[in-house]
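Bear in mind these aren't lab numbers, they're just calculated from the coordinates by the rules spelled out. Everything quoted here is computed from the prediction, not taken from an experiment. FYI the Cβ positions are ideal-geometry reconstructions off the backbone, even for glycines, and counts take in every protein chain you see.
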Amino acid sequence: MTVIALSTVAPPETGGARTAAVEIEALCKSYGSFRALDAVDLSVRPGEFIAILGPSGSGKSTLLMAVAGFSRPDSGRIVFGGRDIVREPAAKRGFGVVFQNYALFPHMTVLENVAFPLQVRKLRPAEARERAEAALRTVKLDGFGGRQIGALSGGQRQRVALARAIVFEPQILLMDEPLSALDKSLREEMQIEIRELHDKLRITTLYVTHDQREALTIADRIAVMDQGRIVQIDTPEVIYRRPQTSFVARFIGEAAILPVGALAPAAVVGALAAGRPRAVIRSEDFCLTPPGGDAAPVQVSGKVQNLVFQGDSWLIRVRLADGTAIDVRAQRQFSDQVARLAPGAEIALWLPADRLHFLAEEA
């Protein structure tokens, strides 16, 4: 993981606050005919943790690099500390940056790596050592200061990188896919640790990821990007439960998007839809038996195409009458019903009406 201490001068004054807001206004960036950023607007509140989520090529890393100062946008503004910093060199912005690839100095000890940004700022050696040791304690690496980088595991190196990013107390922390090199279990552990670290330090954070579950786990708000634009920004729960477009619905988690005509009873669904002709149903919301407590549960029928056991659930692919294939996530309480299924079998699926979310037609 590369960590770059971007400032060799004190960060701009913001009334003594440790954190600061960032306003991104109509930011555009093109590479030839490819429009990487298309009039992006984003307001980041002081102390907020925003995950920028999207597939490869959506513009999320380009946006982060523009904020960091490594890439100059073609037009637009980035307002920080009361001024537009678009033309300000990266070295004067006072931001901490963490990248996915490691670039810790192998000839330095852990403590020397963490203290390096403070040496650049010409702090007294005793103060630099004290602050570096404090940063290592913050990331749960106290006692590791004398070790060589080559003796550390991937997770430990990641913590060293975080310590070096926060040791000079940046007002903004920018993180670009910082956990992508870790295995699944360690990555999930580090997600919680990064979130806890943020809750403790309250550094305003922009965090780029392509991992939907990571974004849901770690962020106060998620900005979903597609084709150079932010297509929705909201809390993780709203993004998941009330996506505004079919792209967001499909990109975040598992979802079926069906015409309301595929659902029954038609009168109930039609009243709920109110002119929005497409229904979003999360795969785990389907039931294999009628749900209790709902006078008129919504139903959809089809044939089992395939079913796979995945530990905590079964993934059932169902082919509807019109040929549409949907995925159903059957939880353990439906074990008896799943045991009676086989490819080609007729299947009826139910869900409570309040689990439906409807979308308008897209241009």
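Restricting attention to the chain, close to 75% of DSSP beta bridges with both partner residues there are antiparallel.
Pairs of lysine residues in segment 3-246 that meet both criteria, 8 or more places apart or on different chains and Cα atoms under 27 Å apart, total 12. The order of Thr205, Thr138, going from fewest to most other C-beta atoms within 10 Å of their C-beta, is Thr138, Thr205.
Across every pair of non-identical alpha carbons in segment 123-174, the mean reciprocal distance, once inverted, gives a Kirkwood radius of 11.5 Å.
The alpha carbons of segment 255-359 occupy a box of 38, 31, 20 Å along the principal axes, longest dimension given first. Here the peptides 229-238, 164-173, 310-319 are ranked by packing, the mean other Cβ count within 10 Å, and the order with the highest first is 164-173, 229-238, 310-319.
Using the rule -39500 (n - 2.57) for each DSSP H run of four or more residues, divided by the residues of the chain, the 222 nm mean residue ellipticity is -8000 deg cm²/dmol.
Report note on the peptides 212-218, 152-158: ranked by the mean count of other C-beta atoms within 10 Å, highest first, their order is 212-218, 152-158. Note on segment 46-124: the C-alpha convex hull projects to 7.6 nm² when averaged across all orientations.
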